[in-house]
Every structure is written in structure tokens, then in C-alpha cells.
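S.K.: Supplied in C-alpha cells, the structure appears directly below.
What follows is calculated from the coordinates using simple rules that are stated; it is not laboratory data. Bear in mind that the values here come from a model prediction, so they are computed numbers and not experimental data. Cβ placement follows ideal geometry from the backbone for every residue including glycine, while neighbour counts extend to all protein chains displayed.
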Amino acid sequence: MAKILVVGLNPAWQSVMAFAELRPGRVNRATESVSFASGKGINAAKVLKRLGHEVHILQILGGENGRRCLGGCLELGLHSLDVWVETETRQCSTLRDLGNGQVTELIAPFTVGRGAVADDRASAESDSAAGNSPDRKSQPLLGEPERITAELLNRVDSSEGYAAVVVCGSVPAGLPASILPDILRKVCAPIAVVDAWQGFAGEDLGLATCFKLNREENASLCGKMGWAPPDYDSRRVTDWVAAKGGPGANFAAPAFLVTAGPDVAWMLRQGRKPLPFQPPAIDRVENSTGAGDTVAAGLADGLVNGLELEDAFHRSLAMGSASCMLPNIAEFREEDFLSLLAKVPTA
């Protein structure tokens, strides 16, 4: 189908453990445990690959966890455009309490600093495919974060002809947040779904086709821009949509798709009536981790297939809800998705 670039600079080696009952402050023995490559970018890329697209993922990798993530990407059929650093790729743990259905996330920090290395793409891929570990010590030092930023930008180019770019997740500490809009400028894809808020302000907002944010993230963006966040509970969002573009604004206001887990999601667009969407109710949540990443991927898939934004959002919400019905992150059954698709009314 389409060639899509996913920008997920902060991947993770993910462990998901299930417990009959999770008891804080006690020794807890898992009944199930599985580990795999994850992070918002890899999650979204996995969904897009499953939907039939050629997917490239731009990411920063380091250490043993980085090699594991690269191997996971190769197994998933993803083309990894990576910059290697000496800092160990973070590890994240998902703890599932099978008794009450609650899910707890533990996320390790990741900082890009001095001592980063630039890995040779072809060498790393062939070494990983052969089961060998690339020799990081032989690679040239990049040094300061500015040079790591340059290497990331060198990995992407508009000549690749990406049909869409999906930006997911946070910028690693130590890098300038402006790297995200800089990547969008470099790629020049006709569709840009942004599931991030760091680094975007003023005219940079116009680089996105749409922002897919949860309410907390949208509040952070509003604070950065000096906007008062919408009053979702009273549904008085029309004035917010009109105000955020503002008289004399020097950017084309994109669409904002604001989610809130199982609560009402909103489509907010300049000069348009705000549209509420109610995600479908599901009987039991197995694991909600990665549901937002699934929504972002579903949005991009719908848009590259010619759907109107409303239809793409409607469809992606059903996809995200379906992913909550399985214990594995960012995976869903086709029959669950199709069943829920008919149950996503506008509120």
C-alpha cells in the first residue's frame, strides 16, 4: 500500500507481566511474562505494518535493549532508520492486575548525552539478522546532542516519497524538542499525524494535518501557547477552537483530535463545529497500553486511503478500543474492530 514514516525517537524494551493480584509493598510473583520491542513509535509502526503498509521508523537505540529493539523491528518487517548512542535504550514494564483489571506502567528514563555513536545502517541490519552484535566501539563518536540531531535529519529525506509521517511520543532528554518539526519539514509528506506536543508552537503547528493528543497533552500544548484549555465537561469548546487560531495567526490551524480514554473524544477544527465522539464500551479491558498509538496509526491509515478526517477518526477510535481487548500491546482482532466500528456514535 503506502510508504509511511513513523518518528518514534524514544523506543523501549517492554515487559508485560500479569499477576493474580498486584500488592504494592509485597513480593509479587507474575503468572505470565512476555518481552518485546515497544514504545509509542514501534507500537504505531506495528499497527501500520499489520494494515499492509511499508513502514520506516526513525529511532534512537543504544545498548543491549537497543539491539533487542532492532531485532524486534526486523521480525515485524519494519525498516529501522536508527542512530545509535551509548546510553542504554530504556526498559518499560507493564503490570497487569488480573483481579481488578488495573494496569500499572513503570517507565525508565532515557537521556541522550555525550558519547553517542552513529551506527552504519546496512551493517547493523545484517549483523542483527545474522544474530551478531554490532561492534559499537568501532563506530565514530558523534559527541554533542546537536550532532545527534543532525544524524537523525540525515536519515530522512523527501525523495523517499512518504505518503504520510506519524510522529509519536516524547523527545529524549538532551535533544532539542525542535527536532520533531524539523523532521516534518525535511520529509515534506502530504499527511502528518502528530501524537506529540513537544517542540510545536506558532507556525510549526501548521506542519501537521492533525494532532492526536489526550487531554493532558493538549493542556500542556495550550499552556505552551498561552491558551486556556477547552472546558470539555461543559462542552463549550467552540470558542476555544475559534480563539486558538486567533486574529493574525501566522499558521494554518490544524485539526486537534483530543482523546480521554473511554470518555468522549473531540475533533476540534478552526471554523468548524466541534464534533464529539464516544469510544465504544467494551466488556473487559485486558491492557489499554498502546491504545492511543493504535489510534494514531489508524488515523494515518484512514487518511492515506482517502477517508475524510471524521471517518478516519471514527474508525481509529474503534481500532484503539479493540486493542484494549487483548493483553498484547497494540494488537487487535479484526472481528473485534469491525464489531466496535458500528458502536462509535458521535455523542
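S.K.: Taking the simple approach of a point 7 Å from Cα along Cα-to-Cβ for both Thr111 and Ala281, what is their distance in nm?
M.R.: 4.7 nm
S.K.: For the stretch 260-347, compute Rh as the Kirkwood radius over C-alpha pairs and then the Stokes-Einstein diffusion coefficient at 20 °C and 1.002 mPa s; write the answer in µm²/s, rounded to an integer.
M.R.: Answer, rounded: 166 µm²/s.
S.K.: List the residues, sorted by chain then number, that are 5 or more residues from Ile57 or on another chain and whose placed amide H is less than 5 Å from its amide H.
M.R.: HN-HN under 5 Å from Ile57: Val6, His79, Ser80, Leu81.
S.K.: What whole-number distance in Å separates the alpha-carbon centres of the stretch 20-49 and the stretch 156-186?
M.R.: Between the Cα centres of the stretch 20-49 and the stretch 156-186 lies a distance of 27 Å.
S.K.: Can you give the local net charge around Lys212? Use residues other than it whose beta-carbon is closer than 10 angstrom to its beta-carbon, Lys and Arg +1, Asp and Glu -1.
M.R.: Taking every other residue near Lys212 into account, the sum is -3.
S.K.: Strictly over 27 Å apart at the Cα level, which of Lys3/Lys40; Lys3/Lys343; Lys224/Lys273 would you flag in this model?
M.R.: The pairs that break the limit, which is 27 Å between Cα atoms, are Lys3/Lys343.
S.K.: With a sphere of radius 12 Å drawn around the Cβ of Glu54, what net charge do the other residues whose Cβ falls strictly inside it have (Lys, Arg +1; Asp, Glu -1)?
M.R.: Computed value for this residue: +1.
S.K.: Would you kindly derive the ³J(HN,Hα) couplings of the stretch 77-85 from the backbone phi angles with the Karplus curve 6.51 cos²θ - 1.76 cosθ + 1.60 (θ = phi - 60°), listing them in order in whole Hz, with x for Gly and Pro?
M.R.: So the Karplus estimates, Gly and Pro as x, are x, 8, 8, 8, 9, 10, 10, 9, 10 Hz.
S.K.: Next question, about the same structure. Please go through the stretch 264-345 and write out the GluC sites (Glu not before Pro) that DSSP classes as loop and that have at most 10 other C-beta atoms within 10 Å.
M.R.: Glu308
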